[in-house]
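The values are calculated or read from the model by the stated rules, or taken from the named source; none is laboratory data. Owing to the predicted nature of the structure, the values given are computational and were not obtained by experimental measurement. Glycine gets a Cβ as well: all are built from the backbone with ideal geometry, and neighbour counts include every protein chain shown.
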Amino acid sequence: MLVMKFGGASVATPECFSQIAALIAVRLQEHKQVAVVVSAMADTTDRLLDLAHQIHPNPPKRELDMLVSVGERISIALLAMALSLQGIEAISFTGSQSGIITCENHADAKIVAVRPHRLLPVLEKGQVVIVAGFQGVSRKGEITTLGRGGSDTTAVALAVALGASLVEFYKDVSGIFTADPKKDPSAQLLSELSFADALDLIVQTGAKILHPRSIALAAKNGIALSIYSFLHPQEGGTKIGWGEKKRNESMLFEHEVI
C-alpha cells in the first residue's frame, strides 16, 4: 500500500496531469494498492481567496471553506481523467467522501479521525483512489479546511488509516536542502533525516517543503516519508524516518499530536 502526494506546483498546468498519471502507472507496477492525495492547481487557492475578498472584506470562515475547497475538487477530477486516458481505473473523492473527520475550526481544522469506508472497496479492486487534500468534514457535517500546507497532513493521516508504511511527496524541489536551493546554489541535498531532525530543520529555516504537522503526525505513527521532484523523480530525494521504530499504539491523529 502506497500513498503518493502531489502539491500544487506539480499540477500547475493541464499537461502536468498526464505526467503525474505516467508516474502513478510506474508505481502501480511495484504496489498493488495506490492512494493519491492532490492539492489545488498552482495559485488556485490564492485566486479564490482574492475573489472572496472582492465580495467581502472579512468573509465568514465557513463560506471561505466552502469556496476554497473547490480547488482540490478540480484537481482530483482532472487526475482521474488523465489516468483513465492511460487505461488506469481511478475514482476521485473529496475529503468528506474519504472520511476525513476534523474539529470545528474553519480554515485551520485539525484531523481527529479518518474513516476510509468508501475507499477500501475501491482499493481492493485494484483501482487508484484519488483524495482531495486540505479538506475534511466536521462531526457536525460542515466542510472544513486544514490551513496552508494541509494537504501534506491529509496524505499522512490517510496513510495511517489505510495501514500504509510510506508516503511519497512530489514537490518542485528534489528534497530537503541545507538552505533554499532556489536562492542558494551551494545548498546541499540531505538524503536522509530522522523525524526530529527534519522537523527541527523545517521549523528553524521556515522551509515550506513539508508542513511540520505532517512530520509530527508521521513520527507519532511510524510512517516513513520520501520527498522527490515531480519533474525528476529518479534524482536525489530525501528520506525521513526510515528505519525508525514503528509505534505499537492505536492510530494517532492530529488532536493527539498538536
Just wondering, is there one or more residues in segment 136-148 that are touching a residue at least 12 places away in the same chain (Cβ under 8 Å), crowded, with 24+ Cβ neighbours inside 10 Å, closer than 19 Å to Val26 by Cα and of a type in the set (A, V, I, L, M)?
-> no
Among the residues of segment 84-92, is any in contact with a helix residue (DSSP H, G or I) (Cβ under 8 Å, 6 or more places away or on another chain), of a type in the set (D, E, K, R), at pLDDT below 95 and at negative phi?
-> no
Exactly one condition in (1) surrounded by 15 or more Cβ atoms within 10 Å (Cβ to Cβ); (2) within 18 Å of the chain's Cα centre (by Cα) is not met by Asp43; state its number.
-> (1)
Run down Ala80, Ala12, Ala40, Ala25 and say which single residue is touching a residue at least 60 places away in the same chain (Cβ under 8 Å), of a type outside the set (Ser, Thr, Tyr) and farther than 17 Å from Thr145 by Cβ.
-> Ala25
Near pairs, Cβ below 9 angstrom, 6+ apart or cross-chain, from segment 165-177 (on the phi > 0 side of the Ramachandran plot and crowded, with 23+ Cβ neighbours inside 10 Å) to any residue that is among the hydroxyl-bearing types (Ser, Thr, Tyr) and outside any strand (DSSP E or B) | Gly175/Ser191
Residue within segment 58-66 that is closer than 17 Å to Asp152 by Cβ, of a type outside the set (Gly, Ala, Ser), touching a residue at least 24 places away in the same chain (Cβ under 8 Å) and in contact with a strand residue (DSSP E or B) (Cβ under 6 Å, 6 or more places away or on another chain) present = no
From Lys32, Lys110, which residue is in contact (Cβ under 8 Å) with a residue 60 or more places away in the chain, over 18 Å from Val156 (Cβ atoms) and of a type in the set (Lys, Arg)?
-> Lys32
For segment 164-258, which fully contained strands (runs of 3 or more DSSP E) count at least 2 residues that are at pLDDT below 90?
-> none
Is it the case that segment 20-29 has a residue that's small (Gly, Ala, Ser), over 14 Å from the mean Cα position of the chain (by Cα), outside any helix (DSSP H, G or I) and over 17 Å from Ser226 (Cα atoms)?
-> no
Working only within segment 36-74, note down all residues that are closer than 30 Å to Lys125 by Cβ and out of contact with any helix residue (DSSP H, G or I) (no Cβ under 6 Å at 6 or more places or on another chain).
-> Val36, Ser69, Val70, Glu72, Arg73, Ile74
